[in-house]
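Some notes on the structure that comes next.
We did not get these values from a lab; they are worked out from the coordinates using the rules stated. Since the structure is predicted, the reported quantities are computational estimates derived from the model, not experimental observations. Neighbour counts are summed over all protein chains in view; Cβ atoms, including those assigned to glycine, are modelled from backbone coordinates with ideal geometry.
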Amino acid sequence: MLREVAVSNRIRELQCILQLLFYLPDKLPLAGDYGTKDYTLTAKSSDLCAEVEEREMKRDLEKVRNIGISAHIDSGKTTLTERILYYTQRIHAIHEVRGKDGVGATMDSMELEKERGITIQSAATFCNWKGHDINIIDTPGHVDFTVEVERALRVLDGAILILCSVGGVQSQSITVDRQMTRYNVPRIAFINKCDRTGANPYRVTQQLRDKLNLNAVMLQIPIGLENDMEGVVDLVTMKAVYFDGEQGDKVRYEEIPDHLKDEAEEKREELLDAVSMFSDELMEAMLEEQEIPEEMIHAAIRKGTLSLELAPVMLGSAYKNKGVQPLLDAVNAYLPCPLDVENIALDLDNDEAEVKVSNDPNDKLVALAFKLEDGRYGQLTYIRTYQGVIRKGDTIVNTRTGKKLKVGRLVRLHADEMEEIEEAGSGDIVALFGVDCASGDTFCGEGLNWSMSSMHVPAPVISLAIRPVDNKAQGNMSKALNRFTKEDPTFKTYVDHETNETIISGMGELHLEVYIERMKREYNAEVEIGAPQVAYRETITNRAEFNYTHKKQTGGSGQFGRVGGYMEPLEEGEYEFVDEIVGGVIPREYIPSCDKGFQASMKKGTLIGAPITGVRIVINDGSFHAVDSSDMAFQQAAKGAFREGYAKASPVIMEPIMKVAVEGPSEFQGAVMGSLNQRRGMIVGTFEEGNYTVVEAEMPLSEMFGYSTTLRSLTQGKAEFTMEFSSYKQVPKSVADDLIKAYQAEKSEG
Amino acid sequence: MGYEPLVNQNPLRVLNLGRGNKQLGLVMARAGLGKTALLVQIALDSILRGNRVIHVSIGESIDKTRAWYDDILQFILQDHSVSRPHELIDMVARHRMIMTFKEDAFSRPRLEERLNDLILQDIFRPNCLVVDGFDFESADRATVEDIKEFLESMSLQAWFSATRHRNDDRISPAGVPAPCHEVDDLFDTVILLKPEKDATIELEIIRNNGVDADTEAGAGLKLDPSTMMIKEG
């Protein structure tokens, strides 16, 4: 044992020396000065060894941060991530997002993202800041990918919410923030781009209060804004912080400039007032007008942040390398470690009873696969561990399939590059190689059968027919679709048996567009696409009775079954089957047959062939024949009964209604409202502030195709909109008539 | 519309809200006593009569304003049996529009422009306007007169809310307290919300459709502080 340790130490030292040799060329002392060189070598190798050892020892949970960076598109999320990685020495050069140098920022690993300057996939990356291990999940910024965002939020313990100091709280920030609230994610706000013309962090802070209902408190004030931005004043330490050097890596603390002293005092008062709510000690110290120790303020801010009752606000400009290091300090100081967050799993052996995961590395493993990615070296599965330790060579169980699997390679990720590791402790975010699973699956140690609570996955609202252009594309397309459906639970695909077309469906136009692009780029699958189709549904609006007899006598054994009862609208839920049969008029064994027959009828409505939802079926009468009744006969009888009842129950067509927010300069408000109104929209409300306005509306999805183009031309490209699914609503009669006509025509043609 | 029973049972019927257009009303109270709740109930009453209402909210968000309607509708649905609650909720949503302004973004020209946008494009033709959060303290008489004149020209019924301050004792001859004591004659109906000893809130109707009421006559209406619903006392 001792010998093993000695050998592994030796190996580690050799590794360190090898690592060091990499650095040697530019660090080599003057030729001939061997003494110095020798000295450098020893010092460096022991330093490095110590650093590696220290890092391993300190992987205790209190020093782990799993954070997300969430923001409105273009508020500089990727740039900030890039700077964080640079300052934590994970990368050694800074690239800009839109790749002036042709390389692109490190987090945007997909080509498509690089081209559009947006982040779609939430790659996880690891870094270390002042002894804390930080896993960063880069979350997508567009609302069409909210499942990606929500899935990422699920594995986060805390987040940085980036806001643009000019644009402020935009509709996307509102959506993302709402999601964070839903998943109880504590957050720090970072007001970025303070160097831009029109920057006003005070206004943005006020917006955080007004629009997001956050108890936003500034921990810093800017030293100059726009072009004159030099740094920030830290209101906790009451020091001015400057960022020197070409890349801002040298942080210099100075006295607060005279002209800012009064403002700093005033804002510090505000800060202390706000955080004193979370610390009796601090409150007392304030009342007694004592000197308040920094630690006490930090502790109070942390407490407020963790309880989600306080949102600390930090400032800077990632692009100009200002304010990033203090933000990292704040991540360490205020955001939760895995121990601060309560996570619940479902015990599959115990009727899905809720159990708290322990975070204890000595317990059996519980880990959630939250993201799949097709990398250069095969499938990569990102996992978050909630308790136990995952080691190379361990056997783990996928609790969804019950399959056992062996942990092959285990890696820690830094966007496109990766580091092999031997084990990962509780609370960590790492990736597995070559594991067959779907995202959302839970892995457990042998003997444990838990599942991390299922995530809320909305049903797709839009679909599209795709056709491969040639045979080669056909094969690639199926490969791609197979991958995408595993990666993204809101992306679905099936073959329409009537038209023989492959249909893909998802959460919005852009959502599907991105997958079509990815098919082309990553899988070389060129496809032709049909017009987008809205996922309509049918439902009933009245109670209707049915009493149907299925009877067939065509030689051999006959079929007989009678089903009587009624159907009525179901306010919540899709389908309910109630058995009120008494006296055995339908024998017990045929009740499930009836249920099956009704369910089969729900798949396709008679109005436009859309699936039927929201029906309660009650059966209370029937009859059978001792010889001729069978499972099949009762299924047929139920189908007939459904047809009979459905026709009388005033069926209607339902369409997906989207919550749309359009924001832009006030001068276009009238035009925007007009355009929404023309598209059968219902304007819910408007909000005006200065020259900026938001129009909120509920819009039928079918009317939103191509709206981005309309909006651009209507507002000279100055307005933008976000859209998310809200609910299903009845289609107006005139539209329904057209839909029915079109369906009838299609049917008679086909 | 089929909602007559709801309208007829509404305790607010003493205010004769259905009497016609051009009526200008004012609800006054200290902060937190239920001005918004009362305005929302007035708006809902108007919607149930088949009118369209614009709810102007100054300094409040769309979501919060909508939450008021949702809550109060829920209370109405709890107290009265309505055969198809979803249709009622839907009808209310279609007959209401919320316009929110940041404090300094609200002005008569801005309001006029917005209403014209809506009416000329036939997006929404309001019959009634409720304005919550208008700052009477910094508005002079001319401003209020100007707004009144505009609302009259549009044939709109309108209701305003105003916040009283604890330390301000100024009062108009008709009994309307500051900050509206100098403009109270511009309003046809003025209601004051007053907290009572038994923790309920009484509606004192100072003026009802242009008739100055003696304080006792208008009494009998209370606002239940737990639900913020108006009820007959």
Take peptide B:54-62, look around each residue's Cβ out to 10 angstrom, count Cβ atoms belonging to other protein chains, and average those counts.
-> 3
Measuring from a point 7 Å past the Cα of A:ARG209 along Cα-to-C-beta, which residues in region A:153-168 have an amide N at less than 18 Å?
-> A:168
Equivalent ellipsoid semi-axes - Cα gyration tensor, chain B, angstrom = 25, 23, 16
For peptide A:678-687, compute the average count of partner chain beta-carbon atoms within 10 Å of each residue's beta-carbon.
-> 6
Output the peptides A:542-553, A:494-505 sorted from most to least packed, where packing is the average of other Cβ atoms within 10 Å over each peptide's residues.
-> A:542-553, A:494-505
Residues of region A:555-594 with amide N under 12 Å of the 7 Å Cα→Cβ point at A:ASP631 | A:589-594
Could you give the dipole magnitude of region A:634-744 about its Cα centre, charging the beta-carbon of Lys and Arg +1 and that of Asp and Glu -1, in debye to the nearest 20?
-> 660
For an R0 of 45 angstrom, estimate the FRET efficiency from the Cβ-Cβ distance between A:ARG391 and A:GLU517 and round to the nearest 0.05.
-> 0.70
Highest to lowest packing among A:600-611, A:674-685, A:426-437, scored as the average C-beta count within 10 Å = A:426-437, A:674-685, A:600-611
At R0 = 60 Å, FRET efficiency that the Cβ-Cβ distance of A:ASP262 and B:ASN8 yields, to 0.05 = 0.45
With r defined as the distance between the Cβ atoms of B:SER155 and A:THR710 and R0 fixed at 25 Å, what FRET efficiency is calculated, to the nearest 0.05?
-> 0.15
Spin-label model distance (nm) - A:MET277 vs A:ASP244, 7 Å beyond Cα toward Cβ | 4.0
A:THR499 to A:GLU667: extension gain in nm, 0.36 nm per residue of separation minus the Cα-Cα distance?
-> 55.7 nm
Each residue of B:99-106 has, on average, a number of other protein chain C-beta atoms within 10 Å of its C-beta equal to 5
Subtracting the Cα-Cα distance of A:LYS551 and A:TYR202 from 0.36 nm times their residue separation yields 117.9 nm
If packing is taken as the mean number of other Cβ atoms within 10 Å per residue, what is the order of A:286-299, B:36-49, highest first?
-> B:36-49, A:286-299
Extending each Cα 7 Å along its Cβ direction at A:GLU291 and A:VAL735, get the distance between those two points in nm, one decimal.
-> 6.8
